Amino acid sequence: MPEPLCLIENTNGQLVANPKALKILSAISQPVVVVAIVGLYRTGKSYLMNKLAGKKKGFSIGSTVQSHTKGIWMWCVPHPEKSNHTLVLLDTEGLGDVEKGDKMNDTQIFALAILLSSTFVYNTMNKIDQRAIDLLHYATELSNLLRTISSPDLGGIEDAADFVSFCPDLVWTLRDFYLALEADGQLITTDEYLENSLRQKQGTDPSVQNFNLPRHCIQKFFPTKKCFIFDLPTHRKKLAHLETLRNNELDPDFVQQVAEFCSYIFKHSKTKTLSGGIKVNGPRLESLVLTYVSAINSGDLPCMENSVLALAQIKNSAAVQKAMAHYDQQMSQKVQLPTETLQELLDLHRASEKEAIKVFMKNSFKDVDQSFQKKLETLLEAKQDDFCKQNLEASSDRCSALLRDIFGPLEKAVKRGVYSKPGGHHLFIKKTEELKAMYYREPGKGIQAEEALQKYLQSKETVSDTILETDLALTMKEIEMEVAFAKAEAAKAQAQRLEAIQRRNQRMMEERERLHQEQVRQMEMNRAYQLAEYRRAQERRLQEEAEKLTQKYQAESRRLHSEVQHLQRNVTPPDDDICILL
């Protein structure tokens, strides 16, 4: 490139990448060393960049109070000390232009210079003061936020070496320096002056923390730092023609200081590198320009009226992002969806939420009205709702899969007509209860377990009703057949019972007749026996009476015979008549 070309135009506060400059970048296949300079307008930034390009003229050097450089200008030249490398010089619009009056636009260009460079030159006047530190801090925070918005996957670089390679080196240049380089009565180097200016204080007081915060961020963001001081180049009246003056017309110390600055830049500036050690060439640098400009124009960056509020916006936005990232990390490690109960998920959410708020509180800055904390709480509430939704979906999916696996065989059996028989509904219900018990035993169903089961069973109610209707119809037919058979059997049994009764009655009648005949015969025998006994008794009585009479007759006969004998002995013999009588 014979001369610089505008890379990013700044028109009415709107940043636009220049296609011509992008085309030049796209043609550079070599790795690039990108040196960008930022500082207040009218402080000699362009002069230093022209020196790095090895030219007296190139980047516009104004001699009035009006800013010349608008946006970011680019000059690509062969690297003077690194073969096969291209030195890309970026000169930026001066900060604090009273005609522009847009501080946010200043810091956007500031942040772009940091993000695009491998060596970042911060050009300030006279000394390192708190205002310069705050502005650099603000720009680094905006750079971090811009990088995160444009490349979320690069937002949280964890590896320290990776982060160092990504961040540019800081070269702080102090113009028209007039202070003595002394501290505690001892001479110090320029680098020691820079380190002392960025040294943090001891203590936990809020004022100390506010003092330390920007210094901590700058130290962390710029691991490699270098400081150069420059005397006034020449008499102030000649500064308007600085680019035309020869070295012998300039202050020798200034000439030496510029030479040392250029030598350091050429020797120590590193190749522009992305996260993961990716070396940047022209097309990659073109891609970075488009990405970052698009992110700025998207309106996602905070825009505040003063740098303190804007810094709070950036810092607190980053704190919210860190807190949410920490929450997501914690939940991803702790939560296994679906959870068995909603309370289990809420407990995990509250624990992660508590830690996320701690992360936010640690990284927040001047969140006076707690608007960012409230935003964080809103985001966390949304995360909770999202996790609850995911939990429901995961539980529903798990339960649906389980129900398909467990009840699938039952559904196939129903289609085959296994339960289309009398008593089939009872078997179907019994099998359903067994499968329900199996479903309840399965772990990991989540909070939708019961509802999913009930919905499934409700969806199968028509199947159950159909099986019941079929069961009832077939059962009625079977009952009718059984009733008819029972009636036939009953009639047959009744006939058999009647026949048996008749036979029994016949036998009873025959038995009665036999018993009657037997009784008659027995009575006859008894009468005959009684008659014989009577007769025998009569005979015995007659015989006894006969015997008694015989005995009586015999006794009487003996008495008479005795009397006769007595008479015979005592009386005269009777006459013949008496004898005849006797």
> So what's segment 410-462 giving for Rg/Rh, alpha carbon basis, Kirkwood Rh from the mean inverse pair distance?
Replying inline: 1.03
> Mind ordering 409-420, 520-531 by average Cβ neighbours within 10 Å, highest first?
Replying inline: 409-420, 520-531
> Expressed in nm², what is the orientationally averaged projection area of the convex hull enclosing the Cα positions of segment 244-303?
Replying inline: 8.0 nm²
> Hey, what angle do you get for helix 130-150 against the long axis of the chain, alpha-carbon based, 0 to 90 degrees rounded to 10?
Replying inline: 50 degrees
>> With angles folded into 0 to 90 degrees, how steeply does helix 342-363 sit against the dominant principal axis of the chain? Use alpha carbons for both and round to 10.
In response: 20 degrees
> Can you give the direction-averaged projected area of the convex hull of the alpha-carbon atoms in the chain, in nm²?
Replying inline: 72.4 nm²
> Ignoring any ligand, DNA or RNA, what whole percent of the accessible area of the chain comes from carbon and sulfur when the probe is 1.4 angstrom?
Replying inline: 54 percent
> Hey, if you drop one equal point scatterer on each alpha-carbon of segment 249-399 and run the Debye formula without solvent, what base-10 log of I(q)/I(0) do you get at q = 0.14, 0.15, 0.17, 0.20 Å⁻¹?
Replying inline: -0.92, -0.97, -1.03, -1.12
> To the nearest 20 debye, what is the magnitude of the charge dipole of segment 441-582 about its Cα centre, counting +1 on the Cβ of each Lys and Arg and -1 on the Cβ of each Asp and Glu?
Replying inline: 460 debye
> Using Cα-only point scatterers and the Debye equation, what is log10 of I(q)/I(0) for segment 310-438 at each q in 0.10, 0.20 Å⁻¹, rounded to two decimals?
Replying inline: -0.52, -1.04
>> Let me check the size of segment 383-513 from its C-alpha atoms; what are the radius of gyration and Dmax in Å?
In response: 28.2, 107
> What is the packing order of peptides 194-202, 223-231, taking the mean over residues of other C-beta atoms within 10 Å and listing the highest first?
Replying inline: 223-231, 194-202
> Under a plain spin-label model, where a point goes 7 Å from the Cα along Cα-to-Cβ, how far apart in nm are Gln329 and Gln565?
Replying inline: 17.1 nm
> Taking +1 at the Cβ of each Lys and Arg and -1 at the Cβ of each Asp and Glu, which of Ser562, Val463, Gln219 sits farthest along the dipole of the chain towards its positive end, judged by Cα position relative to the Cα centre?
Replying inline: Gln219
>> What number comes out for accessible area per residue over the chain if the probe is 1.4 Å? Units Å², please.
In response: 57 Å²
> Ratio of Rg to Rh for segment 439-582, alpha carbon only, Kirkwood?
Replying inline: 1.93
> Expressed as a fraction of 2.2 N^0.38 Å, the rule-of-thumb size for a compact globular protein of N residues, what is the C-alpha radius of gyration of segment 463-535?
Replying inline: 2.65
> Of the listed peptides 320-331, 168-179, 494-505, what is their order by residue-averaged count of other C-beta atoms within 10 Å, with the highest listed first?
Replying inline: 168-179, 320-331, 494-505
> Taking Cα atoms, how many degrees apart are the long axis of helix 449-459 and the longest axis of the chain, rounded to 10 and kept between 0 and 90?
Replying inline: 60 degrees
> Taking Cα pairs under 8 Å and at least six residues apart, what relative contact order does the chain come out at, in percent?
Replying inline: 12 percent
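The values are calculated or read from the model by the stated rules, or taken from the named source; none is laboratory data. Computed from a predicted structure; not experimentally measured. Cβ coordinates were reconstructed from backbone atoms using ideal geometry, including for glycine residues, and neighbour counts include every protein chain displayed. For accessibility, only protein heavy atoms count, side chains too; no ligands or nucleic acids. Shrake-Rupley method; radii C 1.70, N 1.55, O 1.52, S 1.80 Å.
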